[in-house]
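Trainee: Below is the structure I would like to discuss, written out as structure tokens.
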Amino acid sequence: MADISGRRARRRAETQEEILGIALDVMAEEGVAGLSLSTVARRLGVRPPSLYKYFPSRHAVYDALFARGQEGYLAAVRGAARPYEPGLDAMRAALEAGARWIMDNQTLAQLLFWRPVPGYTPSPEAYAPALAIHEHFAGLVREAVARGELHPDAAGQEGLDLAASLIAGVVSQQLANEPGATYDEGRYTRLVPRLTALLAAAYPPDR
């Protein structure tokens with residue numbers, strides 16, 4: 001019985017993965033808000049009600065993709081910061097890795113960072129990695145303060161909001177103007193390595 005149960009669980013997980021992959025394709029073609037479970041079912045080769053065995057609603061599909069995307073972004077920024085000394089060097093590496101991840105996952109990034117789906121709010125479980133991302137960058141700012149690279153005010157809410165706005169602005173400009181460019185080619189993503197210097201200029205240690 002255990003073997004049968006295990007095989008069923010694997011098949012279910014594989015089908016869920018296939019559904020999410022098809023959903024991402026549909027979102028890329030029709031816009032993130034244009035996801036249709038009927039279209040997903042047709043491409044999967046099943047009737048729409050069959051999808052509800054795996055995801056009870058369209059928002060459940062969005063939720064699964066939101067969680068997956070946030071986990072991927074979190075892994076990217078954490079991994080990039082790890083080899084560096086705590087502080088602005090680690091933050092610079094994390095910002096670059098995050099921007100690269102967004103450029104490589106543009107459809108998913110829209111769901112994560114730009115709220116394109118009216119009425120969709122991620123569940124607390126799906127949103128948990130987003131809170132971990134915020135804490136990761138807040139920790140990098142606090143470490144930069146401890147090293148004397150930033151004024152303590154940078155670790156306050158206004159400073160953290162400015163840091164988030166800097167990277168969000170650059171990436172938004174890139175996706176709006178040159179979505180087909182790579183990170184290295186992008187007119188705006190090339191500015192990412194300068195963002196920590198801008199933050200330091202706004203919050204110099206001796207201000």
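Trainee: Using Cα pairs closer than 8 Å and at least 6 residues apart in sequence, work out the relative contact order for the chain, in percent.
Mentor: Dividing the mean separation by the residue count of the chain yields 20 percent.
Trainee: Still on this model: Mind checking the angle between helix 88-104 and the chain's longest principal axis? C-alpha axes, 0 to 90 degrees, to the nearest 10.
Mentor: 30
Trainee: Taking the chain as the reference, fit the longest principal axis to its C-alpha atoms, fit the long axis of helix 124-146 to the helix C-alpha atoms, and give the angle between the two in degrees, 0 to 90, nearest 10.
Mentor: 10
Trainee: Give, rounded to the nearest 20 debye, the magnitude of the charge dipole that the chain has about its Cα centre when Lys and Arg contribute +1 at Cβ and Asp and Glu contribute -1 at Cβ.
Mentor: So the magnitude is around 820 debye.
Trainee: Under the classification rounded if a/c is under 1.5, otherwise prolate if a/b is larger than b/c and oblate if not, where does segment 47-90 fall, given a ≥ b ≥ c as square roots of the Cα gyration tensor eigenvalues?
Mentor: prolate
Trainee: OK, next. Please label the shape of segment 1-118 as rounded, prolate or oblate, based on the square roots a ≥ b ≥ c of the eigenvalues of the alpha-carbon gyration tensor (a/c under 1.5 means rounded; beyond that, a/b larger than b/c means prolate, else oblate).
Mentor: Judged from the Cα gyration tensor, segment 1-118 comes out oblate (a/c at least 1.5, b/c at or above a/b).
Trainee: Heavy-atom accessible area per residue, segment 81-207, 1.4 Å probe: how many Å²?
Mentor: 52
Trainee: What is the chain by shape, rounded, prolate or oblate, if you read a ≥ b ≥ c off the alpha carbon gyration tensor as root eigenvalues and call it rounded for a/c under 1.5, prolate for a/b larger than b/c, and oblate otherwise?
Mentor: It is prolate, given that a/c is not under 1.5 and a/b is the larger ratio.
Trainee: Mind ranking 140-151, 112-123 by how tightly packed they are, going by the mean number of other C-beta atoms within 10 angstrom, highest first?
Mentor: In decreasing order of mean packing, 140-151, 112-123 become 140-151, 112-123.
Trainee: Also: Counting only helical runs of four or more DSSP H residues, what would the 222 nm mean residue ellipticity of the chain come to if each run contributes -39,500 (n - 2.57) and the total is spread over all its residues?
Mentor: -22500 deg cm²/dmol
The values are calculated or read from the model by the stated rules, or taken from the named source; none is laboratory data. Worth saying up front: this structure is predicted, and the values here are computed from it rather than measured. Reconstructed Cβ throughout: ideal geometry from the backbone, glycine too, with neighbour counts over all protein chains shown. Calculation scope for accessible area: heavy atoms of the full protein, side chains included, ligands and nucleic acids excluded. Shrake-Rupley method; radii C 1.70, N 1.55, O 1.52, S 1.80 Å.
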